[in-house]
Structures are given as C-alpha cells and as structure tokens.
Amino acid sequence: MNQFRHPRLSVKLGLVLLAIVAGALGIVYAAVVPRLENRLVANRIDELERSTPPVVEQFRQTSQFDYDTLARFFQASLGARVVVFEPLGQDTVHTVGDSNPVSSEDVREDPVARAALETGMTQTGEVDRDGLRAEVAVLLDNDTAVLLSAPLQDTLSTARRVQRTLLISGIVALLIAWFAGSLAAMRLTHRIRRLEVAAGRIAAGDFDQEIVDPVEDEVGELARAFDRMRLRLAHLDRARREFIGNASHELRTPLFSLGGFLELMADEDVDPADRKEFVEEMSAQVTRLTKLATDLLDLTRLDAGQLSVEQAEVDISESARTVCEEFRALAEAGEHALSADVDGPAIALADEQRVLQVARILVENATRHTPAGTRIVVSAGDRSDTVAFSVTDDGPGVPEGDQEHLFERFYRAEGGQASGSGLGLAIASELAERMGGTIELSSKPGETAFTLLLPRADGVFTSKRSNGEG
C-alpha cells in the first residue's frame, strides 16, 4: 500500500504545479493575443488615416476621368485599395473611381463609405469582405468620398505568429513544469518516506539510528523535531528500564530478607535476643518497602493530577526544626552531624505537609549520599520575595555531569554512596512546582546545597486548593 501512496502524492504535486503554470500561461495568452490583434488593427487604421490628406488633395486636383489611374497609383504606394464614391440611393453608393474597377460591386454597400457620406465626417472601421479589412473614408466634397481599404491578413499574421509562439512555448513550459514538479515532488515524498520509516523504527522501540535531513526547510525542521523526540524517548526508555531494574532490586532485596528471617524465626531454637533482632530487621525492611510503594504512589498521583496541594501560611523555620528532630537518630547512626540554623519565623505560601515531605527527601538525600562524618545543616529564612529552605552538607559534592539530571525521574547518580530508587528528588521537584516554587542545586567539593524556594506570604491569605486536587 505504501509503495503506491507516495507516487500518487508526486502526481498530485506535479498536477498542482502543472495547473498553476497552465493557468499563468492562459492568463498571459488571454491578456496578450487579443490586445495585440486590436493594437495591430488600430495601428493599420491610423496609418491609413494619416495617408488620407495627400490622397484627398490629389483627387481634388484630378479630373474624374483619371480617378481610376490615380487610385491604382495610391494602391501601389499605400498597399490599400482606393475607391471614390458618390451616393446612389438610400443604402448604396456608386463608384466613380476604383483601383480595382473589375470588382467594384463588392464595395457599393460598404458601411464605412456610407457613414462618411451620411455624416459628412471621416469614418474608420473594420469590415469582413474577402477577409478582414481596415478602412478609412474621407469626404472629397459634399457628394463624394474616398475610401482606403487595406487587407489585414499580413497585419494579423504577426499576431498569429505570436499566438503560435505562445502556444509552443506554453507546451514546452508545461512539459518542463511537469518534469520539474515531478522531480521535486518525488524528492519531497522520498524525504517524507524516510521520516515515515524513522517513525516506524521509533514506534518499534529502535532509538539508535539518528534522523538526519540536511535541507533547511519545513521537512528538515520536522526531521530535527523527530530526532529530538527520538533522543527524549531513548532517554525515557533507558530511564524506564533502569527504574524497572532498580525497583525490582529494591523490592527483591527486602522480600528475600523477610523470607530469610521468617525461616529463621520458624526455628524453635532461636533465642529471644536473636528473635528480637530479627523482628527489628524485618521491621526495617517493611519500612523500606513502604517508602518505595509510597514514592511510586506519589509519582502516579502527580502524573494523574490527583495529588492534593493546599496553599496556606507555613512557617518554614518550624518545618526545618521538625525534620531535624525526625532525622537526628538516623543521622547519628550514620555518624552525620545534623543541625538546624534558623533565626526566626519565615512564612511562606505553601502546603505544610508537602513542605515537610520535600524537606524529608532533601535531608534523607544528604544523609544517604554523603560519607560518615559529614556535617549537614538545615536552614530557613527570607530571601528577597521568596522564602528559602536549604539543606547544606560539606560532603564530596555532586559530579558536574550528574547535576543537570539529578531531578529527573529514575535517575541515580553513579558512585559508592548512590542508592535508592531515584524518585525522591524528582518527586520533591514536582511538589515544589505545584506549590509555585523551585528547588535549586549548588554543588562543589566540600559544599552542596539543595534549596527549596517558595513564595513569601504577605498579609492575610485565605487557604485554597490548587488545580489538580484529588
């Protein structure tokens, strides 16, 4: 089916170009040929009219018996038949001189001559008598007029030659337009076909082959957009596979551990001290599983727009003290020095529970990814028109190559201290955005700071829910 679709598109584009060229040639033909014919006829009549003064003067000075001779003389010099008329009746005239006296009967009802005799004025026109003729009739005296009648065949033959030239040129132009249009259309459809094939590869999950179109036009822009999409999808696919592997590992490890402890506890010879240790370890593994499940649930609700985020006045300083107390035991177990640095209230417009959730993620991130002996400081305070909550440590820092990806879902930095599912910072960043804030990262060896910036509360604020409430 695809093999025939693109040739049809080529034919359509070629026909469009053919129609455009044919229309343009038709307009040129309709505008040029009739005007050229009219102009040539008008020029011939003007030539005859300019020739009438000497003709009239000579006839006035010549005897009527010599009219035929003089008429033949002027016919030879002007290339026009010369006839002298007198009125014979109401609708006919009588020739008294003719450069072609043998056939004078054909001009006795000449309308131009009759009009000149009737009006007493010079008359011009175009008549069809043995072919088209240009005529001028001028009075010699009150009862006599002279008619100059020139055939238009030679004059109109110029227009016919132009007409033929236009037709031939038009046919050649149409053929060239058809050929050029078909080539251009085939090239365009070939490029579109390459994009179609590339889209098929991407749909099949093949993200390795680059999509290249060097031409700087709309199709080239589309190809570059496809390639950006390919890179983004490749990154998401890698992240998905890594996350599945990480999540599987995160789930498998505590589940295997729980299974092992349950087998050991089934042994009747386990003493109470060991049983207590096993229960504590099992509790820790359950907590680990619960956190992973909670992260996955939060991520799903964020994607679905069902995570409730309120906006109210929140004291960020109090949040800093709260998380410090919550993580103090964990920090001491990991030999981290955790402290709070707050001077006074720092009121932000935010959701208190979501602020605490982000704060917990940032503090846990600091304790998890820094070596023993690292000092961690949680601070809060006003900063311009925002309120800042910061978690700063004096650990080795985040590698520069990881910093731009750290807030991406499923991303896990390399290194011996890296662990977890790679969801925490992504969730924290999205929660910050839902509250109208951001999270900034500043890191170098010896100092790393994650800072949550939230809008500062000014005056009285009525609590409300943001869009996306579940």
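The values are calculated or read from the model by the stated rules, or taken from the named source; none is laboratory data. Note that the structure is a prediction, hence the values are computed from the model and not measured. Cβ placement follows ideal geometry from the backbone for every residue including glycine, while neighbour counts extend to all protein chains displayed. Ligands, DNA and RNA are stripped out before the accessible areas are found, and what is left, the full protein with its side chains, is counted by its heavy atoms. Shrake-Rupley method; radii C 1.70, N 1.55, O 1.52, S 1.80 Å.
Assorted remarks:
- Looking across ARG321, ARG360, one residue alone is closer than 11 Å to VAL391 by Cα and among the basic types (Lys, Arg). It is ARG360.
- Meets criteria (outside any helix (DSSP H, G or I), surrounded by fewer than 14 Cβ atoms within 10 Å (Cβ to Cβ), touching a residue at least 12 places away in the same chain (Cβ under 8 Å) and among the charged types (D, E, K, R)) for GLU210: yes
- Selection within the range 369-407: residues that are among the charged types (D, E, K, R) and in a strand (DSSP E or B). The member of this set that is most open to solvent (accessible area, probe 1.4 Å) is ARG375.
- Once the range 307-338 is narrowed to residues that are under 46 Å from the mean Cα position of the chain (by Cα) and not hydrophobic (A, V, I, L, M, F, W, C), the residue that is modelled with the lowest pLDDT is SER308.
- Top-ranked residue in the range 344-368 [being assigned to a loop (DSSP other than H, G, I, E, B) and crowded, with 21+ Cβ neighbours inside 10 Å; ranked as nearest to the chain's Cα centre (by Cα)]: ASP351
Per-residue answers, yes or no, for (1) modelled with pLDDT of 80 or more; (2) more than 59 Å from the chain's Cα centre (by Cα); (3) basic (Lys, Arg):
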residue	(1), (2), (3)
ASP130	no, yes, no
LEU139	yes, yes, no
LEU156	no, no, no
ARG164	yes, no, yes
TRP178	no, no, no
SER182	no, no, no
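- Subset of the range 422-456 [among the β-branched types (Val, Ile, Thr), open to solvent by 20 Å² or more (accessible area, probe 1.4 Å) and over 28 Å from LEU251 (Cβ atoms)]: THR438
- The range 23-59, residues that are loosely packed, with under 11 Cβ neighbours inside 10 Å and small (Gly, Ala, Ser): GLY23, ALA30, ALA31
- Among all residues of the range 72-82, there is at least one that is loosely packed, with under 13 Cβ neighbours inside 10 Å and modelled with pLDDT of 80 or more.
- Only one of the numbered conditions (1) part of a strand (DSSP E or B); (2) open to solvent by 10 Å² or more (accessible area, probe 1.4 Å) is not met by SER157, and that is (1).
- Per the conditions (1) assigned to a strand (DSSP E or B); (2) under 30 Å from LEU18 (Cβ atoms), the sole criterion not satisfied by GLU135 is (2).
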